[in-house]
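Notes follow the structure.
Just so it is clear, none of the values below were taken in a lab; they were calculated from the coordinates. Not measured: the values here are computed from a predicted model. Because the Cβ atoms are built from the backbone with ideal geometry, glycine has one as well, and the counts that use them run over all protein chains shown.
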Amino acid sequence: MAAVDPPSWFVVSLHYVAPLRAVDAAMKAHVAFLEQHRRAGVFIAWGRKVPRTGGIILACGDSRAAIERIMQDDPFVAGHLAEVEVTEFLPKPPAVVDGIRRLLDTKARKP
């Protein structure tokens, strides 16, 4: 059996382009989107930027294009409240990366 390449890692940067009151109005839908993709094993962690100019998402996926497609469904992006930039990176150190992969594998197997 051929070895399967591990998923690529990405930093997704959102930059707000709308007033915070519009961002806040879409927050519940945005968090539901984040949780949906966390349960699917794509999003690992996320949070607001400081100062509050947008947010960051740590993601794993098959390709940058796949993450970019997912992000088009984010209520912030679809609603023209934020612009998105997806950056692929090579995570280090290996022990930490392996630990996170094991954690994600365990979570993916739970109902």
Quick one: length gained pulling residue 102 to residue 18 fully straight, 0.36 nm per residue minus the C-alpha distance?
26.4 nm
Could you give each residue of region 20-25 its phi-based ³J(HN,Hα) in whole Hz, using Karplus coefficients 6.51, -1.76, 1.60 with θ = phi - 60°, and x for Gly or Pro?
4, 5, 6, 4, 4, 5
Most packed first (mean Cβ within 10 Å per residue), the peptides 43-52, 58-67 order as 58-67, 43-52
Using label points projected 7 Å from each Cα along Cα→Cβ, tell me how many nm separate residue 45 and residue 25, to one decimal.
3.3 nm
How big is the chain along each principal axis, measuring the range of its Cα positions in Å and listing the largest first?
51, 29, 24
